[in-house]
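The values are calculated or read from the model by the stated rules, or taken from the named source; none is laboratory data. Keep in mind that this is a model prediction, so the values were computed, not measured. Positions of Cβ are backbone-derived with ideal geometry, glycine not excepted, and every protein chain shown enters the neighbour counts. The area values use the complete protein model at the heavy-atom level, side chains included, leaving out ligands, DNA and RNA. Shrake-Rupley method; radii C 1.70, N 1.55, O 1.52, S 1.80 Å.
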Amino acid sequence: MALTTNKSYNNVINTLCRIGEYHDQLSTVSVGDLSSINLEKMEKMPLLHITPISVFTGESELVYNFQLFI
């Protein structure tokens, strides 16, 4: 029997951020609208940027969609 754990939006964002922070080839992790990144001030590259797209609700589930830019 599989144990299913509900994940909130913040749980998902935090998990994705931790993956990026502990990845050996990534230096910076950011979240938000892609246009909010100031690449001229960004000193540490490569960058993982997480953009939330949408969430769909079902009877007993939430489906989050994100764009990941590396």
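Could you tell me what percent of the accessible area of the chain is made up of carbon and sulfur, with a 1.4 Å probe and every protein chain present?
The value for the chain is 53 percent carbon and sulfur by accessible area.
Please state the relative contact order of the chain as a whole percent: Cα pairs under 8 Å, 6+ residues apart?
Rounded, it is 24 percent for the chain.
Each label point is 7 Å from the Cα along the Cα-to-Cβ direction; what then is the distance between the points at F56 and N6, in nm?
So the label points at F56 and N6 sit 2.0 nm apart.
Once the Cα gyration tensor of the chain is found, what semi-axes does its equivalent ellipsoid get, as square roots of 5 times the eigenvalues, in whole Å, sorted largest first?
After diagonalising the Cα gyration tensor, the semi-axes are 27, 15, 7 Å.
About the Cα centre, and with charges only on the beta carbon of Lys, Arg (+1) and Asp, Glu (-1), how big is the dipole of the chain? Nearest 20 debye, please.
For the chain, the charge dipole is close to 100 debye.
With everything on Cα atoms, drop me the angle between helix 9-22 and the longest principal axis of the chain, reported from 0 to 90° to the nearest 10.
The helix 9-22 is inclined about 40 degrees to the chain.
Taking H placed 1.01 Å from N in the peptide plane, check which residues at least 5 places from V31 or on another chain put their amide H under 5 Å from its amide H.
Answer set, sorted by chain and number: I50.
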